[in-house]
């Protein structure tokens, strides 16, 4: 299951995120989204956990939990959709 994690402190790195999710099960991948120019975190990322029950437990346990002085927003990631409103010149 792909999990969205938002409202991350800019100090949080992928290892920090993996550690807190690993408390609930095996983490397949972690990706914090960064600005392509500055390399700075955008304050959100994605976690992949293969076991759906473990992922659901992580979501329910970590959503609204304070981490690095910020309340995490954790939910199942929605599939990326095509942007039909893109500008064409």
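Each reported figure results from applying straightforward, stated rules to the coordinates on display, with no laboratory input. As the structure is a prediction and not an experimental result, all values here were calculated from the model. Reconstructed Cβ throughout: ideal geometry from the backbone, glycine too, with neighbour counts over all protein chains shown.
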The stretch 33-75: radius of gyration over Cα atoms, expressed as a fraction of 2.2 N^0.38 Å:
1.38
Using helices alone, what [θ] at 222 nm do you get for the chain, with -39,500 (n - 2.57) per DSSP H run of 4 or more residues, divided over all residues and rounded to the nearest 500?
-6500 deg cm²/dmol
Pairs of alpha-carbon atoms within less than 8 angstrom and 6+ residues apart define the contacts here; what relative contact order does the chain have, in percent?
38
Within the stretch 1-26, find all residues whose amide N lies under 16 Å from a label point positioned 7 Å from the Cα of residue 76 along Cα-to-beta-carbon.
1-5
Helix 52-62 versus the longest principal axis of the chain: what is the Cα-based angle in degrees, 0 to 90, to the nearest 10?
90
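Equivalent ellipsoid semi-axes for the stretch 2-76, as square roots of 5 times the alpha carbon gyration tensor eigenvalues: give them largest first, rounded to whole Å. Display every interim value, and only then the final one.
On the way: eigenvalues 80, 36, 19 Å².
Semi-axes (√(5λ), whole Å): 20, 13, 10.
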